[in-house]
Each structure stands twice: as C-alpha cells, then as structure tokens.
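Chemist: A single structure is presented below for examination.
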Amino acid sequence: MRRLLLAAALALGLSGVAHAADPLTLQLKWVTQAQFAGYYVAQAKGFYKAVHLDVTIKPGGPDINPEQVIAGGGADVVIDWMPSALAAREKGVPIVNIAQVFQRSGMELTCRRDSGIKTPVDFKGKTLGVWFSGNEYPFLAWMNKLHFSTNGGPNGVTVLKQGFNVDPLLQQQAACISTMTYNEYWQLIEAGMKPSQLVVFKYSDEGVATLEDGLYAKQDEISNPAMADKLARFLKASMEGWKYAMDHQAEAVKIVLANDTTGAQTEAHQTRIMSEIAELLVPDPNGLGYLDVAAYNRTVEELMAGGSAPVITKKPEGAWTRAIWEQAFGKHPIVAK
Amino acid sequence: MNTTILLLLSLLTGCVVLVLLARGDSRPCRIATPIVFGLLVLWIWQVACVGYHVPFVLLPPPSDIGVAIATHIPILAVDFRQTVLRSVIPGWLIGSGTGLLAAIALDGSPFLRRGVLPLGSLVSAMPIVGIAPIMVMWFGFDWQSKAAVVVAMTFFPMLVNAGAGLAQTSAMEADLMRSYAAGYRTTLLKLRLPSALPFVFNALKLNATLALIGAIVAEFFGTPIVGMGFRISTEAARLDLGVVWAEIVIAAGIGTMSFALLSLLERLVTFWHPSYH
C-alpha cells in the first residue's frame, strides 16, 4: 500500500515537472494556402513546440471575417489587413496590430487589354470588380483619390461585388477585376489568358497600397502579462517559420499541401503563390514582423482621405504596439533580406 | 440584478395582460393581442440588450435598429428596388406562371406527367448556393440571374400544387359537365381551373416566401453593389449590424405584407370555397 502511494506521488510529481504546452488559436484570413506558409511550417517543424505552444490554426474562407472571429472569442490572434482592422476598431472591436508580416502590398487591378484601358483615368464608365468583406477599403480609397463615384454612370465606375474567382474577367462581365499578385492573377494565366491580353495596375505602383497581412490580438489580451508572453513566443516561432519557408520554398509548399483538408490546392499553384509571397515579406531592415510606422501612417492617411465616404473618420489611437515584438525579438530580430 | 428583476416583472405583467386579452372575443381584443405580444417581445429585447451590455456586434437593441432604419432610408429604398421590384417580382411571376402552364400541359398528357414531374423535383431540390453562381455565369451579375434563381425555386411548388388541384375535381362535377356535352377544353376552363384556384393560391403564397429568400441568397454570389442580399453580406462583414437588422426587418415586413395581400386576393377570387363560410 505504501509503495503504491509512493509510486502515485512520484508519477504526479513527474507530470508536474514536464512543462505543459500552452494552447493558442490562430485564425487565418483565407483558406489554407502558401499565403500562410510561415505558420504551417512553424507547426510542422516543431518551432511552436520548442517554445511550449500548442497552436491550432483555423483556416478562413469566404464568409469568415477575422475581426468577427476574434470579437466573438473564436481565436486568440488573427491575420488581418490593416484597413479592415482599423475600420473594425472604429466599430468598437479592440484589436491591435502586434506584428506586420507583409511589408509590401500584393493587391492589384487586372484589366482586359481589349477593354481599351491604358491608365487609371480610363476606368471612367467601366465596370470594375472588387471583393468585399474587408478587401474593398483600398479600392474605395483609390476611387476616391481618382474622384470617381462608385455608383456607376458615365462619369463614375460601376462596381461589381466579385466572388472569389476570376470568371467576371474571363466572361467579359467586367473590364477589370481585383486580383492578388500571388493568387488570382495566376488563376487568369492558368485559365488560358496571356499576359499580353492583360493590363495590370499594382496598388503599390499607384501609390494607394495599404498594409496587408499582419497579426492582430485583442487589447485586453495584450495587457495581460501571461497572454502577452504567449503572444511573444508565438510571434518568435512564427517568424522563424517564415524565414524557413522563404529559404526552403519547395518544402514549405509540401507542408501547406499536407495541411489542406479540402484537397483543392495544387502543387504548381502553391509553388507560384509561395514564390510571390516571399517577395512581400521583404525588405525587412528591422527584422521580420516589424511594423514600419511610416507605412502605417500612409495607410491611415489614405483611409481617411475619402472625401464624403472615408473608410475611417478619425485617427486611430493605440491601434498598434511594438511591445510584443520587442518581447519576442529584443536585440535579435530575424532579418530575411 | 436590477435588469433581471425588471425583465421578470415585465414578463409577468405582459403574460397577465395577454391572458386577459385572449379571453375577450371582441374585435379590439383580437387586434390588441398580437400588438401587445409584439411590443412585449421588443421591450424584453431592449431591456436585455441594454441591461446585460450585450455587444453591438452580437445583437443590437431595437432602438439601434430603429435608428439604423431611419438614417439609411435611401439605401434601403435602393435595395428594395433592386431586390424586390427587379428580382423577386419578375422571378415569382415567371416561375409561378410557367409552373401553372406546365401543370395544365401535364394534365392532358400522362406521358409528360411521368417524364416532367421527376425532373421538376430535381430542379427544385438543387441548392440555391449551387444554382446561384451558375446563373451569374449564364445571365450576368445584375437582376436577371437573381430572377433566374427565383424561377428555378418557384417552378416546382406551383407545378405540384396546380397539378394536385386539377386532379381533385370530384366525379360528380365531372359527370355534370359531361351531361352538358362539355368538351375537355370547356371543362378545363369552366370547372377544373376555377376549382384548382385554392391550390394555386397556396402555391403562390409559398412561392412568395421562397422568391424573397432565393433573391436575397442569390445576391451573396455576385451582384452590382445594391440589393438586400449584398447589403446584408457586406455590412455584416463590416460589423455594421444595425443595417443588417434593418434589412432583415424590411424583408420580414415584405414577406408578411405579400402573404396578407395574397390572402386578401384569394378571399376575393375564391369566395365560393367552403372555408370562407
């Protein structure tokens, strides 16, 4: 009996010594694809495990809005774009940027050459497609800058809420559609269109780019020291994952495909996405995940310059913090390029 | 704590009033009961949302919804025009009309009946979320594709109901027509179609609901930037739940009004039916 009790006490003691992994849930902005390679790689290569984190990665999709998920308590950290995050902040959702993963914008407007469009001025009177659900803010800001009303008519542009496919351009239902440099543009090429048949306007070239994929968490979680520590560990391991993914792209694609439960993604398409995405995380002179305040201010200015319909009406306060990043990296940032 | 007390007291008072009202049989009593019930629900909703500090993005209180309706009337009007006037009504008329014509055609031909009914059942069983993107590809982004979805949804209910109505003429009345030497066409026009009218109205009322649902859901899959479905999906994504609920209230109102109008029309046209005596 005494030996039994002793054995039980030892077992309990030993289990207490082993460090239990902290759970953390990440909500992606879109479906499983190489756009989120860093996180899947960090999970597969054990980077999260090494910092004692048990991370659940939830894929997004057409009707999944990261701000709603975090507002409803469905995730601890989400990937979101700065414009919709700031708009959600104004609506009362207290999310804060803890890291800016993509330094450059991948958003572009792709037009058919046979629609006669050569410069943005030619958009007048044409039909343009844009996604909504948070992706329309950069487009609306750009139309405001060009002084085009989005209500149609010969002096404005007719806007279509495009689905998450490239059919409106293929079927000539729109002169231009919104595409990402890393995804939908290549869907057009894969569908048989030639680059010579397309005219592309990159938001970054037009001076209307806004900050895209970043990591966001709720204000009260960041203020909680235990949670802030978890987020810092998560950030460190995730950026390690990104560095690995950028240096070992073929392996990253395989990891992403292994995590794709839909079976809809192909290796060729994901390889293309991975190589394009790798260009959006750089240049990162201060390290991966560092938010460049000048870029943040440009995004804010663009969103506020909406004339009669600005995306946000007042300058955001406390919308970003470098505290988590500093806790994660301090003097040792991971620089990719 | 205070909120809970207020809620319980309101519920108690409300139930007592309703029970007393329900006992009375006069016309004012009958009108007052649903009104009081509706007001009670709104009151409970308002108190609970405000008292328990329910986040706006989860459930806005009725006062905020009222404000949203009042401040967005131009948008609501444009959406009403796009969805109800340009998508629902044409789709409902075409779908019900072709369903009725198909029922008459099937009535005269057992061959067609055996062939078309299973096909009609297949078309109506297709999920809207599957048909809508295909219709957008066939008919474009504007109201035509939404009306097409509504036609696909309303065709079969009308076909089945009108077919049942045409089939249920009793033997006695058929014999009477035969004794008048009435041919197939005369019997159809003077006896069988009029006596199928209650079934036709049944289908029209059912189709009115289906048409509204179909048009709103079809707008989730590609639309110009007006319409009730468009507004609901994009404003929900923007966390502007006040406008979403405003659209829901409008849709519910339209559904109820169309049902009431159709019931009134039914009463006028089929006044002879035993259910109105």
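The values are calculated or read from the model by the stated rules, or taken from the named source; none is laboratory data. Everything quoted here is computed from the prediction, not taken from an experiment. For neighbour counting, all protein chains shown are included, and Cβ atoms are generated from backbone atoms with ideal geometry for every residue, glycine included.
Chemist: Of the residues in region B:98-149, how many are touching a Pro at 6+ places or on another chain (Cβ under 8 Å), free of Cβ contacts under 8 Å to residues at least 60 places away in the same chain and surrounded by 22 or more Cβ atoms within 10 Å (Cβ to Cβ)? I'd like the intermediate steps shown before the answer.
Modeler: Taking region B:98-149 first, the residues touching a Pro at 6+ places or on another chain (Cβ under 8 Å) are B:99, B:124, B:141-143, B:147.
The next check asks that each one be free of Cβ contacts under 8 Å to residues at least 60 places away in the same chain; those that pass are B:124.
In the following step, the residues that additionally are surrounded by 22 or more Cβ atoms within 10 Å (Cβ to Cβ) were identified as none.
Residues that pass the stated criteria total 0.
Chemist: Say we look at region A:90-102 and pick out the residues that are within 14 Å of chain B (Cβ to nearest Cβ) and in contact (Cβ under 8 Å) with a residue 24 or more places away in the chain; which of these is surrounded by the most Cβ atoms within 10 Å (Cβ to Cβ)?
Modeler: Initial filter on region A:90-102 (within 14 Å of chain B (Cβ to nearest Cβ)): A:90-95.
From what is left, the residues that are in contact (Cβ under 8 Å) with a residue 24 or more places away in the chain are A:90, A:93-95.
Numbers: A:Glu90: 15, A:Val93: 21, A:Pro94: 16, A:Ile95: 24.
Within region A:90-102, the match that is surrounded by the most Cβ atoms within 10 Å (Cβ to Cβ) is A:Ile95.
Here's the yes/no breakdown for (1) closer than 30 Å to A:Phe139 by Cα; (2) aliphatic (A, V, I, L, M); (3) not assigned by TED's automatic domain parsing to the domain that holds B:Pro198:
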| position | (1), (2), (3) |
| --- | --- |
| B:Ile225 | yes, yes, no |
| B:Phe230 | yes, no, no |
| B:Arg238 | yes, no, no |
| B:Ile248 | yes, yes, no |
| B:Ile254 | no, yes, no |
| B:Ser263 | no, no, no |
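Chemist: For region A:288-305, name all the residues that are at pLDDT 90 or above and in contact with a helix residue (DSSP H, G or I) (Cβ under 8 Å, 6 or more places away or on another chain).
Modeler: Those that are at pLDDT 90 or above and in contact with a helix residue (DSSP H, G or I) (Cβ under 8 Å, 6 or more places away or on another chain): A:Leu288, A:Gly289, A:Tyr290, A:Leu291, A:Tyr296, A:Thr299, A:Val300.
Chemist: Sticking with this structure for a sec: Just a yes or no: is a residue in region B:125-133 closer than 28 Å to A:Thr127 by Cβ, at pLDDT below 90 and not in a helix (DSSP H, G or I)?
Modeler: No, every residue in region B:125-133 fails to be closer than 28 Å to A:Thr127 by Cβ, at pLDDT below 90 and not in a helix (DSSP H, G or I).
Chemist: Of everything in region A:37-72 that's within 12 Å of chain B (Cβ to nearest Cβ) and assigned to a helix (DSSP H, G or I), which residue is surrounded by the most Cβ atoms within 10 Å (Cβ to Cβ)?
Modeler: Across region A:37-72, the extreme among qualifying residues is A:Pro66.
Chemist: Across region A:200-236, what is the number of residues that are in a helix (DSSP H, G or I), of a type in the set (A, V, I, L, M) and either free of Cβ contacts under 8 Å to residues at least 12 places away in the same chain or surrounded by fewer than 23 Cβ atoms within 10 Å (Cβ to Cβ) (or both)? Before the answer, list the steps.
Modeler: Filtering region A:200-236 down to residues in a helix (DSSP H, G or I) leaves A:219-223, A:225-236.
Filter once more, keeping what is of a type in the set (A, V, I, L, M): A:222, A:226-228, A:231-232, A:235.
Subsequent filtering for residues that are either free of Cβ contacts under 8 Å to residues at least 12 places away in the same chain or surrounded by fewer than 23 Cβ atoms within 10 Å (Cβ to Cβ) (or both) retains A:222, A:226-228, A:232.
Selection size over region A:200-236: 5.
Chemist: Looking only at region A:103-124, count every residue that is touching a strand residue (DSSP E or B) at 6+ places or on another chain (Cβ under 8 Å), outside any helix (DSSP H, G or I) and surrounded by fewer than 18 Cβ atoms within 10 Å (Cβ to Cβ) and tell me the total. Full working, then the answer.
Modeler: Just the residues of region A:103-124 that are touching a strand residue (DSSP E or B) at 6+ places or on another chain (Cβ under 8 Å), to begin with: A:105-113, A:115, A:117-118, A:120, A:123.
Filter once more, keeping what is outside any helix (DSSP H, G or I): A:105-112, A:117-118.
Retained after the next criterion (residues that are surrounded by fewer than 18 Cβ atoms within 10 Å (Cβ to Cβ)): A:118.
Selection size over region A:103-124: 1.
Chemist: Can you find a residue in region A:179-199 that is assigned to a strand (DSSP E or B) and within 14 Å of another protein chain (Cβ to nearest Cβ)?
Modeler: Narrowing region A:179-199 to residues assigned to a strand (DSSP E or B): A:179-180, A:198-199.
Now narrow it down to the ones that are within 14 Å of another protein chain (Cβ to nearest Cβ): none.
Checked against the condition, which is being assigned to a strand (DSSP E or B) and within 14 Å of another protein chain (Cβ to nearest Cβ), region A:179-199 yields no hits at all.
Chemist: Restricting attention to region A:125-139, and to residues there that are over 24 Å from B:Ala236 (Cα atoms) and buried (at least 17 other Cβ atoms within 10 Å of the Cβ), which single residue is farthest from the other protein chains (Cβ to nearest Cβ)? Working first, answer last.
Modeler: So the first thing to find is which residues in region A:125-139 are over 24 Å from B:Ala236 (Cα atoms), and the list is A:125-127.
Then keep just the ones that are buried (at least 17 other Cβ atoms within 10 Å of the Cβ); that gives A:126-127.
Numbers: A:Lys126: 13, A:Thr127: 8 Å.
Among residues in region A:125-139 that are over 24 Å from B:Ala236 (Cα atoms) and buried (at least 17 other Cβ atoms within 10 Å of the Cβ), the one farthest from the other protein chains (Cβ to nearest Cβ) is A:Lys126.
Chemist: While we're on this one: Among the candidates A:Ser105, A:Ser115, A:Ser84, which residue alone is within 30 Å of A:Phe201 (Cα to Cα), of a type in the set (Ser, Thr, Tyr) and within 14 Å of another protein chain (Cβ to nearest Cβ)?
Modeler: A:Ser84
Chemist: What's the total number of residues in region B:60-88 that are aliphatic (A, V, I, L, M), under 27 Å from B:Thr209 (Cβ atoms) and either touching a strand residue (DSSP E or B) at 6+ places or on another chain (Cβ under 6 Å) or touching a residue at least 24 places away in the same chain (Cβ under 8 Å) (or both)?
Modeler: The total comes to 8.
Chemist: Also: Looking at B:Pro157, B:Pro194, B:Pro198, which is the one that is under 22 Å from the mean Cα position of the chain (by Cα), over 26 Å from B:Ser87 (Cβ atoms) and in the same structural domain as B:Gly91 (by TED's automatic domain parsing)? Reasoning before the result, please.
Modeler: Numbers: B:Pro157 fails: over 26 Å from B:Ser87 (Cβ atoms); B:Pro194 fails: under 22 Å from the mean Cα position of the chain (by Cα).
Only one candidate qualifies: B:Pro198.
Chemist: Mind checking which residues of region A:260-282 are surrounded by fewer than 19 Cβ atoms within 10 Å (Cβ to Cβ) and β-branched (Val, Ile, Thr)?
Modeler: Within region A:260-282, A:Thr261, A:Thr262, A:Thr266, A:Thr271, A:Val282 qualify.
Chemist: State which residue is farthest from A:Gly74 (Cα to Cα) when the search covers only region B:43-93 and only residues that are part of a helix (DSSP H, G or I) and of a type in the set (Phe, Trp, Tyr). If you could, list the steps in order and put the result at the bottom.
Modeler: Just the residues of region B:43-93 that are part of a helix (DSSP H, G or I), to begin with: B:43-51, B:62-71, B:73-93.
From what is left, the residues that are of a type in the set (Phe, Trp, Tyr) are B:43, B:45, B:80, B:92.
On the way: B:Trp43: 30, B:Trp45: 25, B:Phe80: 34, B:Trp92: 40 Å.
Step by step, filter region B:43-93, then rank; the result is B:Trp92.
Chemist: Let me ask you something else. Would you point out which residue out of B:Leu193, B:Leu197 is more than 30 Å from B:Pro133 (Cβ to Cβ), in contact with a His (Cβ under 9 Å, 6 or more places away or on another chain), assigned to a helix (DSSP H, G or I) and more than 14 Å from chain A (Cβ to nearest Cβ)?
Modeler: On the way: B:Leu193 fails: in contact with a His (Cβ under 9 Å, 6 or more places away or on another chain).
Only one candidate qualifies: B:Leu197.
To keep it simple, each residue is scored yes or no on (1) at pLDDT below 90; (2) in the same structural domain as B:Gly115 (by TED's automatic domain parsing); (3) surrounded by 15 or more Cβ atoms within 10 Å (Cβ to Cβ).
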position	(1), (2), (3)
B:Arg27	yes, no, no
B:Leu40	no, no, yes
B:Val47	no, no, yes
B:Pro61	no, no, yes
B:Ala77	no, yes, no
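Chemist: Can you tell me which of (1) at pLDDT 90 or above; (2) outside any helix (DSSP H, G or I) is the one A:Ile324 doesn't meet?
Modeler: In the conditions (1) at pLDDT 90 or above; (2) outside any helix (DSSP H, G or I), A:Ile324 misses (2) alone.
Chemist: A further question follows. Could we say that B:Ser233 is surrounded by 15 or more Cβ atoms within 10 Å (Cβ to Cβ), within 14 Å of chain A (Cβ to nearest Cβ) and farther than 19 Å from B:Trp92 by Cβ here? Working first, answer last.
Modeler: Numbers: surrounded by 15 or more Cβ atoms within 10 Å (Cβ to Cβ): yes; within 14 Å of chain A (Cβ to nearest Cβ): yes; farther than 19 Å from B:Trp92 by Cβ: yes.
The answer is yes for B:Ser233.
Chemist: Here is a follow-up. Among the numbered conditions (1) within 30 Å of A:Trp142 (Cα to Cα); (2) in contact (Cβ under 8 Å) with a residue 40 or more places away in the chain; (3) of a type outside the set (Ser, Thr, Tyr), tell me where A:Ala191 comes up short.
Modeler: Looking at each condition in turn, A:Ala191 falls short on (2).
Chemist: Can you pull out every residue in region B:134-154 that is among the small types (Gly, Ala, Ser), within 14 Å of chain A (Cβ to nearest Cβ) and part of a helix (DSSP H, G or I)?
Modeler: Going residue by residue through region B:134-154, those that are among the small types (Gly, Ala, Ser) are B:140, B:145, B:147-148, B:152.
Then keep just the ones that are within 14 Å of chain A (Cβ to nearest Cβ); that gives B:140, B:145.
Within region B:134-154, just B:Ser145 meets the criteria.
Chemist: Follow-up. I'd like to know if region B:175-191 contains one or more residues that are in contact with a helix residue (DSSP H, G or I) (Cβ under 6 Å, 6 or more places away or on another chain) and among the small types (Gly, Ala, Ser). Before the answer, list the steps.
Modeler: Residues of region B:175-191 in contact with a helix residue (DSSP H, G or I) (Cβ under 6 Å, 6 or more places away or on another chain): B:177, B:187, B:191.
Still in the list and also among the small types (Gly, Ala, Ser): none.
Scanning region B:175-191, I find no residue that is in contact with a helix residue (DSSP H, G or I) (Cβ under 6 Å, 6 or more places away or on another chain) and among the small types (Gly, Ala, Ser), so the answer is no.
Chemist: Output the residues belonging to region A:140-165 that are assigned to a loop (DSSP other than H, G, I, E, B), within 12 Å of another protein chain (Cβ to nearest Cβ) and of a type outside the set (Gly, Ala, Ser).
Modeler: Taking region A:140-165 first, the residues assigned to a loop (DSSP other than H, G, I, E, B) are A:146-150, A:152-157, A:162-165.
After this cut, where a residue has to be within 12 Å of another protein chain (Cβ to nearest Cβ) as well, the list is A:149-150, A:152, A:156-157, A:162-165.
Within region A:140-165, A:Thr150, A:Val157, A:Gln162, A:Phe164, A:Asn165 meet the criteria.
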